[in-house]
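Chemist: Below is one structure. I have some questions about it.
The values are calculated or read from the model by the stated rules, or taken from the named source; none is laboratory data. Keep in mind that this is a model prediction, so the values were computed, not measured. Cβ: placed from backbone, ideal geometry, glycine included. Neighbour counts: every protein chain shown. The area values use the complete protein model at the heavy-atom level, side chains included, leaving out ligands, DNA and RNA. Shrake-Rupley method; radii C 1.70, N 1.55, O 1.52, S 1.80 Å.
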Amino acid sequence: MSADIRPIAESELADWLQALNTGFLQPKPVPEADVVMRAKYWDLGRTQGAFDPVTGRCVATFRSFSQELTVPGGAVVPSSAVTNVSVTATHRRQGLLTRMMAADLTAAKERGDVVSALIAAEYPIYGRYGYGPATTAVEWEVDVARSGFDPRLSGPGDGGRIDLVDVSEARETGPVLHERLRASTHGAVSRDTRWWNIATGLEQSQARPYKDKFHAVYRDAAGEPAGLAVYAADEHWTDEKRPQNTLTVKDLIAVTPEAERALWRFLCSIDWVMKVRTGYRAPDDVLPLLLPDPRAARLVTSADLMWLRLLDVERALAARTYTVPGVLVLEVADAAGLADGRYRLDASAGTCVRTQDPADLALDVSVLGSLYLGEESAARLAALGRITEGRPGAVALADAVFRTARRPWCPDIF
């Protein structure tokens with residue numbers, strides 16, 4: 001007997017959350033307050049559960065929610081953000097995820113979402129559903145003593161200033177700055193009210209209690225906020241009473257180069273801090289080269305982060321801008337039948353339409369997801385056999401057309 005897969009009722013949310021905890025190897029019970037908080041915000045019509053036909057228990061979970069994705073050029077497209085995916089170990093290899101994914105992608109297509117996005121816990125899972133890795137996240141650990149910064153000169157030298165603020169001021173300033181950041185950062189996604197309430201402790205999960213943090217705001221010479229750094233620090237001293245503390249950046253939003261440079265310099269100049277963990281940053285972040293000695297920044301993480309799955313190729317390719325002119329005819333394969341077809345992209349006019357013209361390139365929809373934001377190289381994918389060239393020079397043109405001056409960055413895990 002196959003499991004019953006359907007959107008859950010509010011009365012089933014506690015069981016669903018317990019199944020999610022089990023899938024994420026967290027055996028602790030779900031507090032009632034957490035159930036209430038999630039019911040307040042979640043769209044249960046987009047919260048699927050798989051229920052065992054014998055026991056009636058929830059054995060697989062899947063949820064999506066509405067999000068906006070910034071694409072190259074600054075436009076935003078509607079995205080279906082997939083999260084909370086789990087299958088209980090006793091029910092693996094029964095096609096539960098495939099059924100839930102198919103239902104969600106079909107609904108997203110019917111709603112008019114242009115893409116679907118997710119953060120992949122494991123690499124091999126989502127390519128078969130048409131997703132491709134579209135952004136990379138890196139993290140550095142900075143050895144402060146080797147960085148070359150003079151701690152006596154930690155303040156901005158541009159007429160601006162840095163102030164430590166309380167959490168209420170950070171709650172007011174943060175969303176405004178993030179909206180400015182995502183308007184100019186392709187790969188960035190929207191943050192809703194719940195995100196900010198949880199990040200600042202206005203609403204708390206009992207399973208994951210809020211922990212106090214420091215909030216530093218950079219103000220430019222005119223007194224306007226242009227950056228926010230949220231950070232925490234541990235407390236570790238040697239037997240010789242020497243501080244060996246590590247500062248960990250939880251969030252850093254900078255909407256001007258001056259703000260970005262000033263905040264990193266400040267974070268690397270705090271007394272007792274010997275190491276700074278940067279949190280996930282863009283792979284071409286300015287930080288290492290900002291240090292007088294870039295070797296003081298040790299790369300500790302470099303991995304795929306956000307994966308994209310195109311649902312509407314015409315709208316997706318027409319929404320973004322391109323760095324060079326050119327026309328490409330793309331033959332897109334999609335096993336799910338949601339985005340397959342032949343498309344004519346005119347990068348000069350910023351248009352994309354279906355066509356019967358001969359294909360210049362043939363590729364899977366998952367490969368197009370990796371190209372879409374400018375993260376991946378068409379030449380590299382062709383060398384891997386994932387793009388087939390139908391017209392000489394088409395791969396080189398695609399490489400130039402889709403690439404961006406800066407690599408895409410998604411600051412969030414969702």
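Chemist: Please identify the pairs in which a residue from the stretch 54-66 that is more than 17 Å from Met101 (Cα to Cα) has its Cβ atom under 9 Å from the Cβ atom of a residue that is surrounded by fewer than 18 Cβ atoms within 10 Å (Cβ to Cβ) and hydrophobic (A, V, I, L, M, F, W, C), counting only partners at least 6 apart or on another chain.
Modeler: Here the result reads Val54/Met1, each pair linking the stretch 54-66 to a residue that is surrounded by fewer than 18 Cβ atoms within 10 Å (Cβ to Cβ) and hydrophobic (A, V, I, L, M, F, W, C).
Chemist: Of all residues in the stretch 334-344, which are open to solvent by 50 Å² or more (accessible area, probe 1.4 Å) and either touching a helix residue (DSSP H, G or I) at 6+ places or on another chain (Cβ under 9 Å) or of a type in the set (Ser, Thr, Tyr) (or both)? Write out each step before concluding.
Modeler: Kept after step one, since they are open to solvent by 50 Å² or more (accessible area, probe 1.4 Å), are these residues of the stretch 334-344: 335-336, 340, 342, 344.
Result: Ala335, Ala336, Asp340.
Chemist: I would also like to ask the following. State all residues of the stretch 345-360 that are more than 23 Å from Leu69 (Cα to Cα) and either in a strand (DSSP E or B) or in contact with a His (Cβ under 9 Å, 6 or more places away or on another chain) (or both); if no residue qualifies, say none.
Modeler: First, the residues of the stretch 345-360 that are more than 23 Å from Leu69 (Cα to Cα): 354-360.
Across the stretch 345-360, the qualifying residue is only Arg354.
Chemist: A further question follows. Among the residues of the stretch 360-403, which ones are in contact with a Lys or Arg (Cβ under 6 Å, 6 or more places away or on another chain) and either among the basic types (Lys, Arg) or more than 21 Å from Arg309 (Cβ to Cβ) (or both)?
Modeler: Matches in the stretch 360-403: Asp360 only.
Chemist: Oh, and also: Could you please find all residues in the stretch 47-78 being over 30 Å from Ser184 (Cα atoms) and outside any strand (DSSP E or B)?
Modeler: From the stretch 47-78, those over 30 Å from Ser184 (Cα atoms) are 47-62; that's our starting set.
Within the stretch 47-78, Asp52, Pro53, Val54, Thr55, Gly56, Arg57 qualify.
Chemist: Just name the residue that is farthest from Arg406 (Cα to Cα) out of those in the stretch 345-375 that are among the hydroxyl-bearing types (Ser, Thr, Tyr) and crowded, with 22+ Cβ neighbours inside 10 Å.
Modeler: The initial filter retains those residues of the stretch 345-375 that are among the hydroxyl-bearing types (Ser, Thr, Tyr), namely 348, 351, 355, 366, 370, 372.
Then keep just the ones that are crowded, with 22+ Cβ neighbours inside 10 Å; that gives 366, 370, 372.
Numbers: Ser366: 22, Ser370: 15, Tyr372: 14 Å.
Per the criteria, the residue is Ser366.
Chemist: Filtering the stretch 196-210 down to residues that are over 22 Å from Ala14 (Cβ atoms) and touching an Asp or Glu at 6+ places or on another chain (Cβ under 8 Å), which residue is least open to solvent (accessible area, probe 1.4 Å)?
Modeler: Ranking the candidates gives Gly201 first.
Residue-by-condition table, conditions (1) open to solvent by less than 20 Å² (accessible area, probe 1.4 Å); (2) without any contact (Cβ under 8 Å) to a residue 60 or more places away in the chain; (3) part of a loop (DSSP other than H, G, I, E, B):
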position	(1), (2), (3)
Glu169	no, yes, no
His178	yes, no, no
Leu181	yes, no, no
Asp212	no, yes, yes
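Chemist: Any chance the stretch 60-68 includes a residue that's within 22 Å of Ala121 (Cβ to Cβ), out of contact with any Ser or Thr (no Cβ under 8 Å at 6 or more places or on another chain) and either modelled with pLDDT of 95 or more or not acidic (Asp, Glu) (or both)? It would help to see each step written out before you state the result.
Modeler: Step one: of the stretch 60-68, the residues within 22 Å of Ala121 (Cβ to Cβ) are 60-67.
If we keep only those that are out of contact with any Ser or Thr (no Cβ under 8 Å at 6 or more places or on another chain) as well, we get none.
There is no residue in the stretch 60-68 that is within 22 Å of Ala121 (Cβ to Cβ), out of contact with any Ser or Thr (no Cβ under 8 Å at 6 or more places or on another chain) and either modelled with pLDDT of 95 or more or not acidic (Asp, Glu) (or both).
Chemist: Restricting attention to the stretch 387-413, report how many residues are part of a loop (DSSP other than H, G, I, E, B) and surrounded by 18 or more Cβ atoms within 10 Å (Cβ to Cβ).
Modeler: Taking the stretch 387-413 and keeping what is part of a loop (DSSP other than H, G, I, E, B), we get 390-393, 403-413.
Now drop any that are not surrounded by 18 or more Cβ atoms within 10 Å (Cβ to Cβ), which leaves 403-404, 407-412.
The total comes to 8.
Per-residue answers, yes or no, for (1) within 14 Å of the chain's Cα centre (by Cα); (2) farther than 30 Å from Asp293 by Cα:
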residue: Val115; (1), (2): yes, yes
residue: Ala121; (1), (2): yes, yes
residue: Tyr126; (1), (2): no, yes
residue: Gly148; (1), (2): no, no
residue: Leu153; (1), (2): no, no
residue: Gly160; (1), (2): no, no
residue: Asp163; (1), (2): no, no
residue: His186; (1), (2): yes, no
residue: Arg191; (1), (2): yes, yes
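Chemist: While we're on this one: For residues that are within 20 Å of Ile198 (Cα to Cα) and either in a loop (DSSP other than H, G, I, E, B) or touching a strand residue (DSSP E or B) at 6+ places or on another chain (Cβ under 6 Å) (or both), tally how many sit in the stretch 1-25.
Modeler: Result for the stretch 1-25: 1.
Chemist: Any residue at all in the stretch 131-145 that is open to solvent by 40 Å² or more (accessible area, probe 1.4 Å) and among the β-branched types (Val, Ile, Thr)? Lay out the reasoning, then the answer.
Modeler: From the stretch 131-145, those open to solvent by 40 Å² or more (accessible area, probe 1.4 Å) are 143, 145; that's our starting set.
Filter again for among the β-branched types (Val, Ile, Thr), leaving none.
No: the stretch 131-145 contains no residue that is open to solvent by 40 Å² or more (accessible area, probe 1.4 Å) and among the β-branched types (Val, Ile, Thr).
Chemist: Residues in the stretch 314-325: is at least one part of a strand (DSSP E or B) and open to solvent by less than 30 Å² (accessible area, probe 1.4 Å)?
Modeler: Residues of the stretch 314-325 part of a strand (DSSP E or B): none.
The answer is no, given that none of the residues of the stretch 314-325 is part of a strand (DSSP E or B) and open to solvent by less than 30 Å² (accessible area, probe 1.4 Å).
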